[in-house]
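Down below is the structure, laid out as structure tokens.
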Amino acid sequence: MNGVSAALIEETLRAAIHPLQSLQVINESHLHVGHAGAGEGSHFRVILVSERLTGLARVARHRLVYDALREIIPQGVHALAIEARSPAEA
């Protein structure tokens, strides 16, 4: 069993990316039961809005999230969907 939870991801992102206007971390693992790789870790969706994302390209936004979670991902995250927007795009 992996020790990664939506709460841990949320706590880590809140500490690393601020200011955050909004943040949702959703465990979608139940949607992938029976799929190849489903037993290799959890599936999460991160939806965040932050002023820090203003002017950043999509790849740079995702890199910011992955960098913040670099120590958590190997602990049991199989898939991570990211929706990252600036306040103007929200």
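Taken together, the values in this text are just the output of simple stated rules run on the coordinates, not laboratory data. Keep in mind the model is a prediction, meaning the values are calculated, not measured. With ideal geometry, Cβ positions are generated from the backbone for all residues, glycine too; neighbour counts draw on all protein chains shown.
Worth a mention:
- Tilt relative to the chain, helix 6-16 - C-alpha long axis, 0 to 90 degrees, to 10: 30 degrees
- Length gained on full extension, Arg52 to Gln24, computed as 0.36 nm times the residue gap minus the Cα-Cα distance: 8.4 nm.
- The chain: antiparallel DSSP beta bridges as a percent of all, rounded to 5: 45 percent
- Mean residue ellipticity at 222 nm, helices only, the chain: -7500 deg cm²/dmol; runs of at least 4 DSSP H residues each add -39,500 (n - 2.57), and the sum is divided by the number of residues.
- Take each peptide in 14-24, 68-78, count the other Cβ atoms within 10 Å of every residue, and average; sorted highest first, the result is 68-78, 14-24.
- Potential lengthening between Arg45 and His62 on full extension [0.36 nm per residue; Cα-Cα distance subtracted]: 4.9 nm
- Local charge for Ile26 was computed over the other residues whose Cβ lies under 13 Å away, with Lys and Arg +1 and Asp and Glu -1, and equals -2.
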